[in-house]
Amino acid sequence: MNSLFFNVLPRPVLGLLIGSTLALSTLSVQAQLRCNEEERTAIEGKDALPGFGSADPRGQLLEMIDLALARSQQLGAANLLAQAARNDWEEAAAARLPVVQAQASTSGAGQQVGGVRQNQGQAQAGLNLSMPLWDAGRIAQTAAWRLQLAEAARQGLISSEQQLAAQVVSYSLDRGRLLLQAQVYRQYTKRMACLVDALESVVKADKGRASELTQAQKSQMTAELSMEQTRSDLRVVEVRLKRLVGDALPASASYASLLNQLPDLPGLQEAALQSSDVKQLEASSRAQERYASVVAAQSKPQVSLGMAANGTGTSTGTRAGEWSAGVTVTMPIYAPGLDASKLAAQRRADASKLQLQDAMTVRNFQLQELHLNAGAALERARRIVEILRASERLRSATMVQWQQMGRRSLFDVMGAESDYYSLRVAHISALSEVQQGVLNMWSLGPGVLAVLR
């Protein structure tokens, strides 16, 4: 409205319009003050969603990891398999030691000639000893093969523990992110509810602004829908976390201070070469090499020592005994398929080496990719903070100008509010992306337990 417009209005009409304008402005200002006070209360944490606790974040994660490790049946199975592989190695290593066997038997016999009947009992006892003397390294290579399989199983157990720990941390970080986002959406919803209340008061005095009320109600319902979707995602994540740590899920701590710094990439790449996954592949590769040596030794002579002693006694008092000792040499002359078996074993050993090299190369590039993505997310979070400050200023200015009867439209107000809260959610998501990226990098390296402990 300009001065010419006011000059042409009759005084009674002009007075009514000015009074209505002042009344509407007063209602809007009062509602805005109430909304600002409620928002300050929410930001200070007095109106936060339940679910956040005051526990030490690092200690809480370690406690949940310990619970998950103790509850995991998969880890229990992996532990038993590692112990069984160790027993297999002990059996193979004992093959070079002497084997002593004892045997005993009894029998009875009888005959009858005419009226004469004769019965006789007999007992036999024996002791056998056998021991390999030379086998071209077959026993030693078999024991070495079993030892590397046991080491691979042990490293597999450690890898499973690290993976389970990473799962617990990942779900916990997701849970914290969704709790924060739900809190932001709740604040957004209450902000829209305040605007709806203010517009309801305005519409009572000015029916022509009913469309603005409809727009505010639509924004409120959109915010409520986003909050409900976030809560639904939160329930899913909590179910996954309960599967690992149990139903007694503690209140989530604030994890903003954890895993938010990019590790040194060259150092992490070196540490990745000593990770349990790589060590497991190395042990499996060495096991294939030893097995190839075992197969190759089967075509070479084998020398063994054998000793035996037997004694016999009868019920008639007859006693007899014998003993023997000797060396046995065994040499294969014609063994169809032995060459193919040796070639197959050697090719498996060569394939395992290639798989190890490929895994190390892939892990190296995965670390580079994760480092770049986490760095980009960290930079994005920093820039979002700068934009968020500008968005806050724009949001406040737009609200003030809208209250001044038409200098800004309600669509501008809704756009400023939506932009502000969307940026807050985007900032939380960017920080979570950094944490997940750092978590994955440590998982590919020495493991997340090394960072937390």
- Extension length gain for Arg319 and Ala426 (0.36 nm per residue less Cα distance), in nm, is 28.8 nm
- Determine the calculated [θ] at 222 nm for the chain from helices alone, applying -39500 (n - 2.57) to every DSSP H run no shorter than 4 residues and normalising by the residue count; nearest 500 deg cm²/dmol. -25000 deg cm²/dmol
- Evaluate E = 1/(1 + (r/R0)^6) for Asp350 and Gln274, where r is the Cβ-Cβ distance and R0 equals 22 Å; express this FRET efficiency to the nearest 0.05. 0.40
- Query: To the nearest 0.05, how large is the calculated FRET efficiency for Ala125 and Ile333 if R₀ is 35 Å and r is the Cβ-Cβ distance?
  - Reply: 0.40
- Message: Run through region 270-361 and list the chymotrypsin sites (Phe, Trp or Tyr not before Pro) located in a DSSP loop whose Cβ has at most 15 other Cβ atoms within 10 Å.
- Response: Tyr334
- Based on the mean of other Cβ atoms within 10 Å per residue, sort peptides 366-374, 127-135 so the most packed one is first. 366-374, 127-135
- Count the net charge of all other residues whose Cβ sits under 12 Å from the Cβ of Glu238, scoring Lys and Arg as +1 and Asp and Glu as -1. +3
- Message: Relative contact order of region 381-430, please, whole-number percent, based on alpha carbon pairs below 8 angstrom and at least 6 residues apart.
- Response: 50 percent
- Item | Correct choice for Rg/Rh (Cα atoms, Kirkwood Rh) that was computed from the model, options [x] 0.96; [y] 1.35; [z] 1.06 | [y]
- Message: Just want the ordering: Arg175, Arg86, Arg453, Arg209, from fewest to most Cβ atoms lying within 10 Å of their own Cβ.
- Response: Arg453, Arg209, Arg86, Arg175
- Query: Simple spin-label model, 7 Å along Cα-to-Cβ: Gln83 to Gln229 in nm?
  - Reply: 5.0 nm
- Query: Hey, rough spin-label estimate for Leu133 and Asp206, points 7 angstrom out along Cα→Cβ, what's it come to in nanometres?
  - Reply: 11.4 nm
- Query: What percentage of all Cα-Cα pairs in region 255-373 are separated by more than 17 Å?
  - Reply: 74 percent
- Query: How far is helix 338-403 tilted off the main Cα axis of the chain, in degrees rounded to 10, range 0 to 90?
  - Reply: 10 degrees
- Item | Approximate spin-label separation Gln103-Ala376, in nm, with each point projected 7 Å along Cα-to-Cβ | 7.5 nm
- Message: Using a 10 Å cut-off around each Cβ, can you sort Thr230, Thr330 from fewest to most neighbouring Cβ atoms?
- Response: Thr330, Thr230
- Query: Between region 379-420 and region 216-233, what's the alpha-carbon centroid distance in Å?
  - Reply: 20 Å
- Query: Quick one: putting +1 on the C-beta of Lys and Arg, -1 on the C-beta of Asp and Glu, what dipole do you get for the chain around its Cα centre, in Debye to the nearest 20?
  - Reply: 300 debye
- Item | Rounded if a/c under 1.5, otherwise prolate or oblate - region 152-268, Cα gyration tensor axes | prolate
- Note on the structure: When the charge dipole of region 98-184 is computed with +1 on Lys and Arg Cβ and -1 on Asp and Glu Cβ about the Cα centre, the Cα farthest towards its positive end, among Leu127, Trp145, Ser170, belongs to Leu127
- Message: Sequence gap at least 6, Cα distance under 8 Å: using those rules, report the relative contact order of the chain to the nearest whole percent.
- Response: 23 percent
- Hull volume per residue for region 208-290, using the convex hull of the C-alpha atoms, in Å³ is 233 Å³
- Message: Taking only the Cα atoms of region 351-453, how large is their convex hull per residue, in Å³?
- Response: 105 Å³
- Message: Going Cα to Cα from Lys218, which lysines come in below 29 Å? Please leave out same-chain ones fewer than 8 positions away.
- Response: Lys46, Lys190, Lys204, Lys207
- Task: Enumerate by residue number the trypsin sites (Lys or Arg not before Pro) in region 303-412 meeting two conditions: DSSP loop (anything except H, G, I, E, B), and at most 13 other Cβ atoms within 10 Å of the site's Cβ.
- Result: Arg407
- Name the shape class, rounded, prolate or oblate, that the alpha-carbon gyration tensor gives for region 84-181, where a ≥ b ≥ c are the square roots of its eigenvalues, rounded holds for a/c under 1.5, and otherwise prolate holds if a/b is larger than b/c and oblate otherwise. oblate
- Task: Grab the Cα-Cα distance for Val385 and Ala397, subtract it from 0.36 nm times how many residues apart they are, and report the gain in nm with one decimal.
- Result: 2.5 nm
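The numbers here are math on the coordinates, done by the rules we state, and not lab data. Please read all numbers here as calculations on a predicted model, not as lab measurements. Cβ atoms come from the backbone with ideal geometry, glycine included; neighbour counts cover every protein chain shown.
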